[in-house]
């Protein structure tokens, strides 16, 4: 520390007392990982509501056959923007934002390794998202009208070619995602550097909370996956704006190459979206089972294993394009293989709960809901890994049901669990437990009502991305059930939002450690001071707060 | 495991704290390594696209007919030798030899600049003599995409190195800044290593020499 | 006060980074730079200017040294220091699950004993229904010889030394593996080991075999008598379970650290 502030007026306490405009200015110029984390989560939640509205509109359109609530063109925009929003503007920022908030606290650091880069990453994500949504106003669509992108979140070539996608809505998709992708890359590098370099004294790699391990692997995956996506998007941008021919079959270009590039990003992306959720659950389950996590070293090994294998399963999204038996067999086998470390995690969470004194507070409800829903999504995933089965149901609602069990029943449930678990730390007040339980059960019931019937309608032959369906194919009931779940989910989500808002002022004071938890973030005040810890902590085990509370029986002996 | 008896009293504020700091990797190095890893995958994607599309053009010109390897070898030697000069520059700065630092850094800038000039000359020839543009055919798209992004990274590296050189000329660079300069030099080495792969793909595989 | 060298070694040891608008302005610049491609070149110009402007602010924050602010102590509970480790035999209130386990040796012996019992039942089936003890043995070897499905019963009922060796090998390996699984699974039903051995395990294993037999061993699929097969599974489960549950349990090593379990001695630390 060589440069001290020039005037004492710039110190932390003085800044807090200033009026609203000045406080907003402080949020804009902040480099504090906690403020950035909160901004990530809040903007992610706003985008979540928008993406949810888009999904609700699609379900309303599909409530009965031959419906004409929205036109086919608008429907295409809806599923494109829904998918893109949920993956790039909800999943990634909320998860990276949670990592941003929690990782420095968990490893006993004052901030991320590169605080300014951290702020840069957040603003890039936000501006990228706004650029994408500006397409609703600014983009030129098919008939010269304004139009959002409508090529699907995977933007398969050659539909994205100038010939087939007129106007510039697809360019908005490319640029919005690319800009927010730069932000993700910055945050990924920041997470890796933070976890490797900023750990407090005694925090060896094998003493880190499991969430830190998961975020480390996520950081590495972001670095490996986003580069190819950006490269492929640049190629597509060249195709569309400079007349290049990367994905133009008429000039010898290959549409399949786009699919390879996209899914080389796309499948690690799935693990970028699920590994932090694993991290949240690995923190919540031990705390509410009153037991240490079962098989910590194996959990670490499984996480790293998933990271590696996830780089070689991408073509299981492409079985239906005809890759040939050798590639099909390889990617099928790798996909089965990745189920092993994932299964280890499931068993270890169950092993942690087994024989524990389980408290079903709201975070634990969401965490157990996560485990159950993720198992269903994982099992249908294994079914889809079988090439002949995949050929039958590829691009059907079975696939839609599968990945919503993984990403909604999995990731989003874990995110809500994490919100309920760490909200007291970030805000200093408890969420209302009654509202939380209502929102969980509404969401749980609505989720299953919406997405379970999709497996059946998919097996009956309902394809994805169609704006309506014929009345006499036996699909009416299942689609009606799927739509009937939407109001329940909407009520659950709105209850959560309301709970977050009202508890900010009315919630019970949380204190430092409301859950009697064991990781470092609960050692400091709620909310933590700007510098996190008055003195950099020192840890002697994986559960420093257990050691603190039970000095006669510390953990170090058992690790 | 937890050895806990090495706490000492800090003479500056009287607080009890650990006397030694456990080793952690430098965040600057990890950060630059992360950036390089990401960029490797970025370039890897362009290289895969280039190699995949060799021989798939429906009409020329292609690498075999349009590219002239001879001058590129000269420019490549310029770029690759600049890796050595930048190492000499960092070493000079670390031992405080400012004049030597500015000499070697200047040499790096000249060699890197020569490479960019070489690329510009080559592109001019391709556009005027062979009428090859990014929109001409697959070879044009993949060639300009790959070589262009590499040249863009060389220019970024030159800007960073040039800024360091200017700071040094203005007297703002200290010996303790050698670590930061070293990190920039890592990036420069990375750009050079990528060129080896680009050269192999474009001028050896792409021209049919290999 | 810390020296600059300290600051480099542990970032933010005594300070936190100072807020700055640089990243926000630079990010806005990047977004506008790209937005210009789809809107108006003017947006790109604005973006480029903002990017340079933000970059300069940013650069001045980190060069020549990082701008930081001192920490204000808040008086919160923020000192976390691990307590010294107590002596190894100090009392602990923790419950370590499972408390006792069957040794793997028991699974080895139990698996072989159960395998022998199963072989007796299988041989009895061969004698009673087909008049040959060799038939079940040859059928088991069919797992590695898909061509066997095409052979006739006389060939399959004949003695063949090679097939016997293969069948014994397969049977011993599977028996030992199943026995080891038993040792792990039995503590889940600590009060009724025989329920597991005689009912649960045979049901699971038989249904597993029933659903996969056609793929794993088509030859056996042709001849198999499922009542006898289930009987042989029960014989295995009963004998294996009985052997394992009679072997004395050993305390689990869950109370020991990983390095101790691996046999690496470590010095007792702490006061």
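Residues in the stretch C:16-33 that are more than 30 Å from residue A:534 (Cβ to Cβ), without any contact (Cβ under 8 Å) to a residue 24 or more places away in the chain and within 47 Å of the chain's Cα centre (by Cα): C:30, C:31. Can you tell me which residue within the stretch A:123-133, out of those that are over 24 Å from residue A:422 (Cβ atoms) and touching a helix residue (DSSP H, G or I) at 6+ places or on another chain (Cβ under 7 Å), is farthest from the other protein chains (Cβ to nearest Cβ)? Selected residue: A:132. Evaluating residue B:197 against the criteria (1) within 13 Å of chain A (Cβ to nearest Cβ); (2) within 24 Å of residue A:246 (Cβ to Cβ) leaves one unmet condition, (1).
With the structure loaded, tell me whether residue C:175 is in a loop (DSSP other than H, G, I, E, B), surrounded by 13 or more Cβ atoms within 10 Å (Cβ to Cβ) and touching a helix residue (DSSP H, G or I) at 6+ places or on another chain (Cβ under 8 Å) or whether it fails that test. No; evaluated as a whole, the condition is false for this residue.
Among the residues examined, residue B:106 qualifies as out of contact with any strand residue (DSSP E or B) (no Cβ under 7 Å at 6 or more places or on another chain), at pLDDT 95 or above and over 20 Å from residue B:202 (Cβ atoms). What do you reckon, is residue C:71 more than 9 Å from chain A (Cβ to nearest Cβ), at pLDDT 70 or above and in contact with a strand residue (DSSP E or B) (Cβ under 9 Å, 6 or more places away or on another chain)? Against the criterion (more than 9 Å from chain A (Cβ to nearest Cβ), at pLDDT 70 or above and in contact with a strand residue (DSSP E or B) (Cβ under 9 Å, 6 or more places away or on another chain)), residue C:71 does not qualify. Filtered by the rule that a residue be over 26 Å from the mean Cα position of the chain (by Cα) and in contact (Cβ under 8 Å) with a residue 40 or more places away in the chain, the stretch C:197-220 gives C:198, C:217, C:218, C:219, C:220. Checking A:320, A:301, A:315 one by one, the residue that is closer than 27 Å to residue A:369 by Cβ and in contact with a helix residue (DSSP H, G or I) (Cβ under 8 Å, 6 or more places away or on another chain) is A:301 and no other. Take residue C:98 and tell me if it is assigned to a loop (DSSP other than H, G, I, E, B), at the interface with chain A (Cβ under 7 Å from one of its Cβ atoms) and at pLDDT below 70. In short, no. Considering the conditions (1) more than 8 Å from chain B (Cβ to nearest Cβ); (2) modelled with pLDDT of 95 or more; (3) more than 27 Å from the chain's Cα centre (by Cα), residue A:255 is excluded by exactly one of them, (2). For the stretch B:1-54, a residue qualifies if it is more than 9 Å from chain A (Cβ to nearest Cβ), surrounded by fewer than 19 Cβ atoms within 10 Å (Cβ to Cβ), in a loop (DSSP other than H, G, I, E, B) and at pLDDT 50 or above, and exactly one does: B:23.
For the residues A:471, A:536, A:551, A:529, the requirement of being surrounded by fewer than 16 Cβ atoms within 10 Å (Cβ to Cβ) and within 14 Å of another protein chain (Cβ to nearest Cβ) singles out A:551.
To keep it simple, each residue is scored yes or no on (1) more than 23 Å from the chain's Cα centre (by Cα); (2) farther than 27 Å from residue A:317 by Cα.
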site: A:124; (1), (2): no, yes
site: A:131; (1), (2): no, yes
site: A:135; (1), (2): yes, yes
site: A:151; (1), (2): no, no
site: A:158; (1), (2): yes, no
site: A:169; (1), (2): yes, no
site: A:174; (1), (2): no, no
site: A:177; (1), (2): no, no
site: A:189; (1), (2): no, yes
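Residue A:219 passes every criterion in (1) within 27 Å of residue C:37 (Cα to Cα); (2) within 10 Å of chain B (Cβ to nearest Cβ); (3) buried (at least 23 other Cβ atoms within 10 Å of the Cβ) apart from (1). Output the residue which, of all residues in the stretch A:174-206 that are touching a strand residue (DSSP E or B) at 6+ places or on another chain (Cβ under 7 Å) and in a loop (DSSP other than H, G, I, E, B), is nearest to residue A:129 (Cα to Cα). Per the stated criteria, the residue is A:200. State yes or no: is residue A:247 closer than 30 Å to residue A:299 by Cβ and more than 7 Å from chain B (Cβ to nearest Cβ)? Against the criterion (closer than 30 Å to residue A:299 by Cβ and more than 7 Å from chain B (Cβ to nearest Cβ)), residue A:247 does not qualify. As for the stretch B:141-161, it holds no residue that is over 12 Å from the mean Cα position of the chain (by Cα), more than 9 Å from every other protein chain (Cβ to nearest Cβ) and more than 30 Å from residue A:257 (Cβ to Cβ).
Taken over the stretch C:134-163, the residue count meeting the criterion of being part of a loop (DSSP other than H, G, I, E, B) and over 34 Å from the mean Cα position of the chain (by Cα) is 5. Residue selection: residue A:191 fails the criterion of being crowded, with 24+ Cβ neighbours inside 10 Å, more than 8 Å from chain B (Cβ to nearest Cβ) and without any contact (Cβ under 8 Å) to a residue 40 or more places away in the chain.
In the stretch A:94-105 there is no residue matching the filter, namely being surrounded by 24 or more Cβ atoms within 10 Å (Cβ to Cβ), modelled with pLDDT of 90 or more and within 26 Å of residue A:258 (Cα to Cα).
Taking the stretch A:509-526 as the range and being at the interface with chain C (Cβ under 7 Å from one of its Cβ atoms) and within 21 Å of residue A:296 (Cβ to Cβ) as the test, the residues that pass are A:520, A:523.
Kindly establish whether residue A:507 is under 30 Å from residue A:423 (Cα atoms) and within 25 Å of the chain's Cα centre (by Cα). In short, no. Scanning the stretch A:539-548 for residues that are at the interface with another protein chain (Cβ under 7 Å from one of its Cβ atoms) and part of a loop (DSSP other than H, G, I, E, B) gives A:539, A:540, A:541.
Of all residues in the stretch B:111-140, those satisfying the criterion of being out of contact with any helix residue (DSSP H, G or I) (no Cβ under 8 Å at 6 or more places or on another chain), within 14 Å of chain A (Cβ to nearest Cβ) and in a helix (DSSP H, G or I) are B:127, B:140. Those helices (runs of 4 or more DSSP H) of the stretch A:24-122 in which 1 or more residues are within 14 Å of chain C (Cβ to nearest Cβ) occupy A:33-61, A:92-106. Kindly indicate whether residue A:355 is more than 24 Å from the chain's Cα centre (by Cα) and without any contact (Cβ under 8 Å) to a residue 40 or more places away in the chain. Criteria not met by residue A:355. Scanning the stretch B:162-185 for residues that are within 14 Å of chain A (Cβ to nearest Cβ) and assigned to a helix (DSSP H, G or I) gives B:176, B:177, B:179, B:180, B:183.
Checking the stretch A:44-56 against the condition returns a match, with at least one residue being modelled with pLDDT of 95 or more and within 29 Å of residue B:27 (Cβ to Cβ).
The values are calculated or read from the model by the stated rules, or taken from the named source; none is laboratory data. Computed from a prediction, not measured in an experiment: that's the story for all the values here. FYI the Cβ positions are ideal-geometry reconstructions off the backbone, even for glycines, and counts take in every protein chain you see.
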